[in-house]
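The values are calculated or read from the model by the stated rules, or taken from the named source; none is laboratory data. Quick caveat, the model's predicted, so the values are computed rather than measured. Cβ: placed from backbone, ideal geometry, glycine included. Neighbour counts: every protein chain shown. Remember, those area values only see protein heavy atoms, side chains included, never the ligands or the DNA or RNA. Shrake-Rupley method; radii C 1.70, N 1.55, O 1.52, S 1.80 Å.
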Amino acid sequence: MRDDSSKPVSNFIKHIIDEDIKNGKNDGRIHTRFPPEPNGYLHIGHAKSICLNFGIAVDYSGLCNLRFDDTNPDREELKYVAAITEDVHWLGFSWENREYYASDYFEQLYGYAIELIKKGRAYVCDLNSDEIRQHRGTLTEAGQESPYRNRPADENLDIFMRMRAGEFEDGARTLRAKIDMSSGNINMRDPVIYRIQRSTHHRTGDQWCIYPMYDYAHCISDSIEKITHSLCTLEFEDHRPLYDWFLDEIGVFHPQQIEFARLNLSYTVMSKRKLLQLVNGGHVKGWDDPRMPTIAGLRRRGYTPESIRIFCDRIGVAKADSTVDMALLEYCVREDLNKRAPRIMTVLHPLKIVILNYPHDTIEELDAVNNPEDESAGTRKVPFSREIYIERDDFMEDPPKKFFRLAPGREIRLRYAYFITCEKAVKNDRGEIVELHCTYDPATRGGDAPDGRKVKATLHWVSAEKFIQTEVRLYSHLFTEAEPDSRKDGTEFRDYLNPESLEVLTDCYAEPSLSSSKPGEHFQFERLGYFCVDPESSPERPVLNRTVTLRDTWAKIKNKN
RNA sequence: UGGGGCGUCGUCAAGUGGUAAGACACAUGGUUUUGGUCCAUGCAUUCGGGGGUUCGAAUCCUCCCGCCCCAGCCA
């Protein structure tokens, strides 16, 4: 699936692919893969990779596999593969029957390891992890060769097979590639390719007590699947020589690894580790907390797959480290929801109005447009009565020059209803405004004055006779700093958690029609923002999450003052 | 004193020797029964810096500066 197909996006990876096709590489075949480790939830950074990999497959009439990189059973769980497949599907991508697992290749991987041993390119090392580290050297000093480095091939073969058979304790030995302990690239200093690890794998159970390492398993998995272009993030750039080394030594199909910059987003963090800390530390309510940049969180917040896809198209793909402005993501979801979200009126902070000259015991049903951007969305009836609620912010007793909403003596329009004029603000003992007394002009029914007189503002409102009480959860940035995790002053991301990232409003009043809404449905609350029905919602008591506010010019003017 | 990358508008990002796309953000007008949407306009004489090659350089050469990644039996 591709959005914005009218504007094909160019990037350096496509240039490489174009060139490859021109040169007839792989007979013009294009095959990518998205290779998550099932050890956590997907976030918007993964969405970038998903859109890139699946998008390229679509653009070049190729294929994209979903492959779980499940070579470390200590951290991986079945529940994560379920969550990941759900998220990728939800984003709108399909991999048909090409759902693969690195663990499917364990036997083949083992076979290639035997070959490497026979070729003298791998050896069993008896050093423990501390000793291996000590032998590795430093960034500026070469490493020392392991005393086991020149163990004869047949002995290596024998011990490696006994490793598989379970003869040795966890961590007692490793299989290592025999490359170059003095390489400037630390990845090439005889990297471990198999470790002994007795943990139950979510797919292979207790069949194995040795597991391959990422560098070894990943390139061969790509090769087995005949991947043509293996796209990964920048931190794997240093691993490419190793990726190439394994495939060259084994002599199998050789995909091309290409690295791109991972996505960073302002006002949030984007690593599984940090997101996990937010969950475990109780700073959010879970992986799908609407404040989280996870796919599950964004979904619950009310982001649509389309909005995320178009966002991924717009941010581009390059090799420079970058942090994309959260405002772009918000723009993308507003743009999408503006076209599709039905409008409804909801008052978040109610202020009662009594319309003195409107009859008691009368409820009118007024026509309201469901979506001015989509005529086919039709109209609905909204009940109007003598007492209504408006937004507290829409009235000021002593308004500044540029405030053109309701004020004493001023006439405004109630959307789809009538013009009303504020006659009096009624206060309590403490001088707080408790309600407004207004009068209406019956001739303005529907919202237009027959005499053509204009009004400076149109306010949303809800009948105080017929409404549904709702809970509304307002979200704002999770962090108070744009880049909470890359500061140099000794502080860390958790120091910048926004204490006001969630505000729960339990006494909001919505049009009655909201009671028939279902979890996941989107609405625009007129003049306020886009909202999405939460899974915790019920017909008796709807719960709405604010996805994003509307652009608010008045707020800008107010803040400038 | 190691290896690998990257520096184009506030933020992303095109550009691949012929004279700086686009988007977001920002600003200003217009339309409007959402201070929304939409529309129009403005917003890098210059591409991290210096030198060089060339009729011509963000693009080529050279030196310098800055930033990111790497020392898991994680991925």
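Over its Cα atoms, what ratio of radius of gyration to 2.2 N^0.38 Å does segment A:382-526 give? Intermediate results must be reported in sequence, preceding the final value.
Working: Rg = 20.2 Å, N = 145, 2.2 N^0.38 = 14.6 Å.
Normalised by 2.2 N^0.38 Å, the Cα Rg of segment A:382-526 equals 1.39.
Each part gets one Cα centre, and for segment A:169-203 versus segment A:121-141 those centres are 9 Å apart.
Could you work out the Kirkwood radius for segment A:380-445, taking every pair of different alpha carbons, averaging 1/r and inverting it, reported in Å?
Taking every pair of different Cα atoms in segment A:380-445, averaging 1/r and inverting gives 12.9 Å.
Modelled spin-label separation between A:Ser129 and A:Thr491, with each label point placed 7 Å from Cα along the Cα-to-Cβ direction: 3.4 nm.
I'd like to know how chain A sits against the 2.2 N^0.38 Å rule of thumb: what's its Cα Rg over that expected value?
Working: Rg = 30.7 Å, N = 561, 2.2 N^0.38 = 24.4 Å.
Taking N as the residue count of chain A, the ratio is 1.26.
Amide H to amide H, with H built 1.01 Å from N, A:Leu63 comes under 5 Å of A:Ile30, A:His31, A:Thr32, counting only residues 5 or more places away or on other chains.
With contributions of -39500 (n - 2.57) from each DSSP H run of at least four residues, the per-residue ellipticity at 222 nm computed over chain A stands at -8000 deg cm²/dmol.
Checking Cβ-Cβ separations below 4.7 Å across chain A identifies A:Cys64, A:Cys125, A:Cys209, A:Cys219, A:Cys232, A:Cys332, A:Cys422, A:Cys438, A:Cys508, A:Cys532 as cysteines lacking any candidate disulfide partner. Listed by chain and number, the aspartates and glutamates placed with their C-alpha closer than 19 angstrom to that of A:Lys22 are A:Asp59; residues fewer than eight positions away on the same chain are left out. Note on A:Lys274: lysines with a C-alpha under 16 Å away, same-chain residues under 8 apart excluded, are A:Lys285.
Restricting to bridges with both residues inside segment A:467-557, how much of the DSSP beta-bridge set is antiparallel, in percent to the nearest 5? Please report the intermediate quantities before stating the final value.
Working: 17 of 20 bridges.
Counting DSSP beta bridges with both partners in segment A:467-557, the antiparallel share is about 85 percent.
Averaging Cα coordinates gives a centre for segment A:374-445 and one for segment A:25-60; these two points are 52 Å apart.
Grab the other residues whose beta carbon is less than 12 angstrom from that of A:His201, score K and R as +1, D and E as -1, and report the net.
Working: positive: A:Arg75, A:Arg198, A:Arg203; negative: A:Asp70, A:Asp74, A:Glu76, A:Glu77, A:Asp104, A:Asp206.
Around A:His201, the charge tally is -3.
Give me the percent of Cα-Cα pairs in segment A:53-118 that sit more than 17 Å apart, rounded to a whole number.
Details: 1175 of 2145 pairs.
Everything past 17 Å amounts to 55 percent.
Placing pseudo-labels 7 Å out from each Cα toward the beta carbon at A:Asn185 and A:Thr421 gives an inter-label distance of 8.1 nm. Counting DSSP beta bridges in chain A, what percent are antiparallel, to the nearest 5? Of those bridges, close to 70 percent are antiparallel. Which pairs break 24 Å Cα to Cα here: A:Lys79/A:Lys272; A:Lys339/A:Lys454; A:Lys352/A:Lys466; A:Lys381/A:Lys556? Cα-Cα > 24 Å for A:Lys339/A:Lys454; A:Lys381/A:Lys556; rest within. Close amide-amide hydrogen proximity is noted between A:Arg386 and A:Thr362, each under 5 Å apart and 5 or more residues distant or on a separate chain (H modeled in the peptide plane; Pro and chain starts excluded).
Rounded to the nearest 0.05, what FRET efficiency do A:Ala165 and A:His349 have when you use their Cβ-Cβ distance and R0 = 45 Å? Walk me through the intermediate numbers first.
Numbers: r = 70 Å, r/R0 = 1.55.
Efficiency, rounded to the nearest 0.05: 0.05.
Whole Å is fine, so just give me how far the alpha carbon centre of segment A:449-519 lies from that of segment A:309-368. Result: 10 Å between the Cα centres. The mean accessible area for residues of chain A, using a 1.4 Å probe and ignoring ligands and nucleic acids, is 45 Å² per residue.
The Rg/Rh ratio of segment A:72-231, with both radii computed over alpha carbons and Rh defined as the Kirkwood radius, is 1.01.
Annotation: extensible slack from A:Glu155 through A:Val434 equals 91.6 nm (criterion: 0.36 nm per residue apart, minus Cα-Cα distance). Evaluated at q = 0.14, 0.17 Å⁻¹, the base-10 log of the normalised Debye intensity for segment A:32-162, with identical point scatterers placed on the Cα atoms, takes the values -0.84, -0.94.
Straight-line cross-link partners of A:Lys25 among the lysines, defined as a Cα under 30 Å from its Cα and at least 8 positions apart when in the same chain: A:Lys7, A:Lys14, A:Lys48, A:Lys119, A:Lys226, A:Lys319. Amide hydrogen proximity for A:His349: with H placed 1.01 Å from N in the peptide plane, the residues at 5 or more positions away or on another chain lying under 5 Å are A:Arg392.
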